[in-house]
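Shown next, in structure tokens, is the structure this report addresses.
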Amino acid sequence: MKLYDSGVYLVSGTELVADDAQAAAAIKSRTGREVAKAEAAQGTIAYGILKDHNVSGNMDKLQIKFDKLTSHDITFVGIIQTARASGLEKFPIPYVLTNCHNSLCAVGGTINEDDHMFGLTCAKRYGGIYVPPHQAVIHQFAREMLAAGGKMILGSDSHTRYGALGTMAVGEGGPELVKQLLSKTYDIDMPGVVGVYLTGTPRKGVGPQDIALAIIGEVFERGYVKNKVMEFVGPGVSNMSVDYRIGVDVMTTETTCLSSIWRTDDAVKEFYEIHGREGDYKELNPAAVAYYDGMIEINLDEIKPMIAMPFHPSNTYTIEELNANLMDILDDCEKRAEVSFDGAVKLDLKSKVRNGRLYVDQGIIAGCAGGGFENICDAADILKGASIGPDEFTLSVYPASTPIYMELVKNGAVATLMETGAIVKTAFCGPCFGAGDTPANNAFSIRHSTRNFPNREGSKVQKGQVASVALMDARSIAATAANKGYLTAATDVDVDFSKPKYHFDSAIYANRVFDSRGVADPSVEIQFGPNIKDWPAMSALPENMVLKVVSEIHDPVTTTDELIPSGETSSFRSNPLGLAEFALSRKDPQYVGRAKEIQKAQKAVEGGTCPIEAVEELRPVMDAIRAAFPEKTFGEEMKPGTLGFGSTIFAVKPGDGSAREQAASCQRVLGALANITQEYATKRYRSNCMNWGMLPFHLKGEPTMFEVDDYIYVPNVRTALEGDLADIPAYVIKDGKAEEIHLYIQPMTENERKIVRAGCLINFNRNK
């Protein structure tokens, strides 16, 4: 695999020319004409699709209107509640509500069916589409029923990726979907486009997850494709089935790219034909000369079976390398765990080594990444006639949709799997987000799913419960299962893959999915359960603010799962205040209490009482501020709009992972006014913060001048939002003194500035 240090021209779809001093001459010799870089940059597939969906008239400053929207049941209640509070009357474009995160929420929070009935009645009232539980995971339904060549889809799940079908899809936080529901736009600077040039053919036993993990391992830490579009081109594309391409495509999220798109061919056309949607196919290819901001060159022949060890998809090794250096790599993982868990628990992976081989406790093939037809058929072929054995090892398989499940029943794959001792379950994302097949304490699980972040498997570190997940392809998981839990690469087994043809039965959805066909019925009453709550009121950004540092996170990267854990917390997904109680609960259990304490001061300001009387520790803080800024008349400013109080956290690089805006909204409902960071891991988390009224600060220098429980005074911050944001003075209040630090904010759109000033997107829409 080669990552180019410069931009690259793709000529005739088959030849790469690095952007150097000889590039112009090389292109002219091959094409017979001079091609300017600006012209070639318009030759990417991505540029053409973005241009078709941009309504700004300026290709540097995009305002995108999407064709369709999709959400699952962890996110759609909050999205619709936000849109309702903002004036929603009708879904203006197709909006699909799926129910693939239907975890067992019978205790403590929302009953599943309450959220489901909310979704169904909203689909009827506002003119949407409702997919009942167990019918399909969100992204498989989108592939089968929504994707179309040259179109764009926005989803509230980070793995909204349908590029292999010719659809540019973006996973964002709920507020960005709210904007589309209110007929507003998705505003973003023109992203860079990085080509992925594929040659060769995957070797037998190597699956799409192997290709994806190899890419992630190369690009993630370098930030090579961060917030860019990945465009898959080259002859190697046609050497992969469409199912295979989909498996690679869905994992591009883990590179932190913005979106993905692939060239299309007759195989994609056949996919649409199989699904009865021939008219949705569109041939997509780059222009004769296309310019890419970077290029990843991959010879598919060279990729070997891969494994992403805990606790990130980028922690990759070949299975061959892992087996050759087993104890060293396991020791490294244990050390990483100690840092990640702050020493709260000890992960013991080396005890999994039996007779020099790694023993695995659990195998899972599931969800939008693993639950595809081809993955499961190949796994069944590997397991045919085998047994997973009567020991600790278990194997669960979750087909990604009921149509896939039915076809697997018809062709005998389900029977083959069940005969081995595997359990075949319905479409459910549970194993991917920590609410299904939770392993035993200290168990090691291998999964063909999308993520292996800490706690994603359901660990409760603060209670001493810890397990770990490694990501692998379904084929190597099946090979491991055939060897009764001993880690095995699929290339090490002798198998003839049957490659049965897929037949899609549309009657399954026709008989069960509610489709309003865009017709709203305002007479339908929305059905609320007792734990479905409205968003609490949030105040506008004050002119001056006092922030209390309530948490510090110095990990290189902080995931959204650490900011708000997934899994059992989803039972409170429809109750903003209830869910907020879990914020940072597995990373910093003291966070919620600290945030609530300083929130008392802001509530006092809003209620017209003295914030110092509400939070006594503010007295010396305010005395120090008065001494440092005698021009401020705080008797007058102790009122809403002029002086505000809230919390902030410091994190080195927060926001990798899920698009769920709860990572930001939970902070906000607890009174957060800002984050202070060195860098944001993803655009989507930064956007979530701004949409919920939080300032996305960066710190100039290192965080050596403040720590947890310190206060930071930021004067004239509302006015600062009208400037260039490059230097925002702030002051650490400590030992009766005000010590200056310098904050800054990366560029914000005018609407983003207005949203933050308003206090959140709901306020912004209400105030218009």
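The values are calculated or read from the model by the stated rules, or taken from the named source; none is laboratory data. Being a predicted model, the structure only gives us computed values, none of them experimental. All Cβ positions, glycine included, derive from the backbone under ideal geometry; neighbour counts span all protein chains shown.
Kindly check whether there is at least one residue in segment 576-583 that is modelled with pLDDT of 95 or more and acidic (D, E). Reasoning before the result, please.
Start the filter on segment 576-583 by keeping residues that are modelled with pLDDT of 95 or more, which leaves none.
Checking segment 576-583: not a single residue is modelled with pLDDT of 95 or more and acidic (D, E).
Being surrounded by fewer than 20 Cβ atoms within 10 Å (Cβ to Cβ) and part of a strand (DSSP E or B) is the filter here; which residues of segment 425-467 pass it?
K460, Q465, listed by residue number.
Determine which member of the set V77, V96, V17, V35 is farther than 20 Å from T185 by Cα and part of a strand (DSSP E or B).
On the way: V77 fails: part of a strand (DSSP E or B); V96 fails: farther than 20 Å from T185 by Cα; V35 fails: part of a strand (DSSP E or B).
Among V77, V96, V17, V35, only V17 is farther than 20 Å from T185 by Cα and part of a strand (DSSP E or B).
Return the residues of segment 588-599 that are free of Cβ contacts under 8 Å to residues at least 40 places away in the same chain and under 24 Å from the mean Cα position of the chain (by Cα); say none if nothing qualifies.
Within segment 588-599, D588 is the sole residue that qualifies.
Regarding segment 192-200, can at least one residue be identified that is farther than 30 Å from E374 by Cα and either among the aromatic types (F, W, Y) or surrounded by fewer than 24 Cβ atoms within 10 Å (Cβ to Cβ) (or both)?
Our first condition is that a residue be farther than 30 Å from E374 by Cα; within segment 192-200, this holds for 192.
Among the residues that remain, those that are also either among the aromatic types (F, W, Y) or surrounded by fewer than 24 Cβ atoms within 10 Å (Cβ to Cβ) (or both) are: 192.
Taking every residue of segment 192-200 in turn, at least one turns out to be farther than 30 Å from E374 by Cα and either among the aromatic types (F, W, Y) or surrounded by fewer than 24 Cβ atoms within 10 Å (Cβ to Cβ) (or both).
Only one of D492, D534 is at pLDDT below 95, touching a helix residue (DSSP H, G or I) at 6+ places or on another chain (Cβ under 7 Å) and either on the phi > 0 side of the Ramachandran plot or outside the structural domain of Y244 (by TED's automatic domain parsing) (or both); which? Give the derivation first.
Details: D492 fails: at pLDDT below 95.
Residue meeting the stated conditions: D534.
Would you confirm, using the coordinates I've provided, whether P431 is of a type outside the set (S, T, Y), over 30 Å from M145 (Cβ atoms) and either in the same structural domain as Y502 (by TED's automatic domain parsing) or touching a strand residue (DSSP E or B) at 6+ places or on another chain (Cβ under 8 Å) (or both)?
Working: of a type outside the set (S, T, Y): yes; over 30 Å from M145 (Cβ atoms): no; either in the same structural domain as Y502 (by TED's automatic domain parsing) or touching a strand residue (DSSP E or B) at 6+ places or on another chain (Cβ under 8 Å) (or both): yes.
Considered against the rule, which asks whether it is of a type outside the set (S, T, Y), over 30 Å from M145 (Cβ atoms) and either in the same structural domain as Y502 (by TED's automatic domain parsing) or touching a strand residue (DSSP E or B) at 6+ places or on another chain (Cβ under 8 Å) (or both), P431 comes out as no.
Could you identify the single residue in F373, F433 that is under 30 Å from S570 (Cα atoms), modelled with pLDDT under 95 and hydrophobic (A, V, I, L, M, F, W, C)?
Working: F373 fails: modelled with pLDDT under 95.
Answer to the check: F433.
Can you tell me how many residues in segment 285-327 are surrounded by fewer than 24 Cβ atoms within 10 Å (Cβ to Cβ) and hydroxyl-bearing (S, T, Y)?
Summing the residues that are surrounded by fewer than 24 Cβ atoms within 10 Å (Cβ to Cβ) and hydroxyl-bearing (S, T, Y) in segment 285-327 gives 4.
Within the bounds of segment 690-712, is there any residue that is of a type outside the set (K, R), farther than 18 Å from C760 by Cα, assigned to a strand (DSSP E or B) and in contact with a Pro (Cβ under 9 Å, 6 or more places away or on another chain)?
First, pick out the residues of segment 690-712 that are of a type outside the set (K, R): 690-699, 701-712.
Subsequent filtering for residues that are farther than 18 Å from C760 by Cα retains 698-699, 701-712.
Now drop any that are not assigned to a strand (DSSP E or B), which leaves 698-699, 711-712.
Filter again for in contact with a Pro (Cβ under 9 Å, 6 or more places away or on another chain), leaving none.
Looking for residues that are of a type outside the set (K, R), farther than 18 Å from C760 by Cα, assigned to a strand (DSSP E or B) and in contact with a Pro (Cβ under 9 Å, 6 or more places away or on another chain), one finds none in segment 690-712, hence no.
So how many residues does segment 713-751 have that are assigned to a loop (DSSP other than H, G, I, E, B), buried (at least 16 other Cβ atoms within 10 Å of the Cβ) and touching a helix residue (DSSP H, G or I) at 6+ places or on another chain (Cβ under 6 Å)?
1
Search segment 648-671 for residues that are within 18 Å of A580 (Cα to Cα) and pair each with any residue that is modelled with pLDDT under 90 and among the acidic types (D, E) when their beta-carbon atoms are under 8 Å apart and the residues are at least 6 apart or on different chains.
Taking only residues 6 or more apart or on different chains, the pairs are S658/D561.
Can you pull out every residue in segment 245-296 that is in a helix (DSSP H, G or I), within 27 Å of the chain's Cα centre (by Cα) and of a type in the set (D, E, K, R)?
The first filter runs over segment 245-296 and keeps only residues in a helix (DSSP H, G or I), leaving 245-255, 266-274, 278-280.
The next check asks that each one be within 27 Å of the chain's Cα centre (by Cα); those that pass are 245-255, 268, 271-272, 280.
The answer is R245, D249, E254, D280.
Can you pull out the residues in segment 197-231 that are under 20 Å from T167 (Cβ atoms) and touching a Lys or Arg at 6+ places or on another chain (Cβ under 7 Å)?
Within segment 197-231, N227 is the sole residue that qualifies.
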